[in-house]
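A.B. asks: Could you have a look at this structure, given as structure tokens, before my questions?
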């Protein structure tokens with residue numbers, strides 16, 4: 001009996017609960033802008049990474065909403081995250097850089113935002129603030145030029 005071989009899909013571990021399938025990431029190699037001599041016109045060394053964050057099953061709604069805030073213009077209206085990497089002159093280094101930046105972005109989105117406990121300023125701090133404002137105002141009043149009054153003339 002012959003066992004059927006199932007293709008092993010490479011997974012990218014982002015957090016303990018999030019693992020991305022490499023097939024969900026699309027990499028396009030494009031020409032890099034900037035200096036590079038004759039090589040820059042011949043070799044497509046820059047990488048454009050596309051990741052459909054909206055349809056990814058590993059990312060839940062809360063992480064996606066946080067990712068939308070963090071990613072800004074890099075996330076399209078359809079939920080596709082586009083990252084460009086052209087720091088290095090080699091295609092492989094730019095590919096690794098793009099994937100690394102994707103992982104960092106998703107890790108930041110997966111972190112729970114800190115709960116801000118609402119606080120009020122203390123009475124003493126309010127008094128100090130008002131005293132400081134009064135003092136500052138007095139200093140500015142003393143800088144004004146003194147006009148001679150009618151009695152002194």
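A.B. asks: Limited to region 104-122, what total is found for residues that are crowded, with 16+ Cβ neighbours inside 10 Å and either under 25 Å from residue 33 (Cα atoms) or at pLDDT 90 or above (or both)? First the steps, then the outcome.
C.D. replies: Start the filter on region 104-122 by keeping residues that are crowded, with 16+ Cβ neighbours inside 10 Å, which leaves 105-106, 109-110.
Filter once more, keeping what is either under 25 Å from residue 33 (Cα atoms) or at pLDDT 90 or above (or both): 105.
Residues meeting the conditions: 1.
A.B. asks: Moving to a separate point now. Could you list, in sequence order, the residues of region 1-32 that are in contact with a strand residue (DSSP E or B) (Cβ under 9 Å, 6 or more places away or on another chain), surrounded by fewer than 16 Cβ atoms within 10 Å (Cβ to Cβ), modelled with pLDDT of 75 or more and not in a strand (DSSP E or B)?
C.D. replies: Hits for region 1-32 are 10, 22, 31.
A.B. asks: Looking for whichever is under 23 Å from the mean Cα position of the chain (by Cα) and modelled with pLDDT under 85 here; the options are 77, 62, 53, 85. Which one fits? Even if it seems obvious, please write down each step before you answer.
C.D. replies: Working: 77 fails: modelled with pLDDT under 85; 62 fails: modelled with pLDDT under 85; 85 fails: modelled with pLDDT under 85.
Selected residue: 53, the only one of 77, 62, 53, 85 that is under 23 Å from the mean Cα position of the chain (by Cα) and modelled with pLDDT under 85.
A.B. asks: While we're on this one: Given the structure, is residue 129 over 18 Å from the mean Cα position of the chain (by Cα) and part of a loop (DSSP other than H, G, I, E, B)?
C.D. replies: no
The values are calculated or read from the model by the stated rules, or taken from the named source; none is laboratory data. What you see is a predicted model, and the numbers here were worked out from it, not measured in a lab. Cβ sites come from the backbone with ideal geometry, for glycine too, and all protein chains shown count toward neighbours.
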